[in-house]
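Novice: This is the structure I want to talk about, given as structure tokens.
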Amino acid sequence: VDDMDAMNQAFGSMMGGNEEEMLKNMMEQFQNLGNDHAGSTDGGAGGAADFDADAMIDGMMEQLLSKDLMYEPMKQVAEKFPQWFDVNRDKLGADELSMRTKQFDCFKRLVEVYETKPDNVKELINLMQDVQE
């Protein structure tokens, strides 16, 4: 299963060189939150009421799941999965075979979503969660 470990490792490091830029953008967003509330007349005490954590998390998820960042790695995994299956199918137990088959289906659906509706963040999140199950 060394090949699968390598594939999982590649999947885990898909963010590549964009990781630093993404983290910089997130830090700027956090900093801007502090700046937005620092000038309030109540000393920033009411700032928490104005803070929209859901909107910020949605924005971060959109950045993390952007087509520019994720499409190529997802496509590569989907393209390499069948070859990996051919080599490793007989080495897998029934449960792992079932799990890997479901993951492959998720990767194919992810590629399809990135190709047809890349801004559907909710669907992308659901599929990413399915991959991890």
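The values are calculated or read from the model by the stated rules, or taken from the named source; none is laboratory data. Fair warning: this is a prediction, and the values are worked out from it, not measured in the lab. Every residue, glycine among them, receives a Cβ derived from its backbone with ideal geometry; neighbour counts consider all protein chains shown. We work out accessible area using only protein heavy atoms, side chains counted, and drop any ligands, DNA or RNA first. Shrake-Rupley method; radii C 1.70, N 1.55, O 1.52, S 1.80 Å.
Novice: Within segment 100-133, can you find the residues that are of a type in the set (A, V, I, L, M) and out of contact with any Asp or Glu (no Cβ under 8 Å at 6 or more places or on another chain)?
Specialist: LEU110, VAL111, LEU124, ILE125, LEU127, MET128, VAL131, listed by residue number.
Novice: State which residue pairs qualify: first residue in contact (Cβ under 8 Å) with a residue 24 or more places away in the chain and under 14 Å from PRO73 (Cα atoms) and inside segment 86-113, second residue open to solvent by 20 Å² or more (accessible area, probe 1.4 Å) and not in a helix (DSSP H, G or I) in any location, beta carbons under 7 Å apart, and separation of 6 or more residues or different chains.
Specialist: The qualifying pairs do not exist here.
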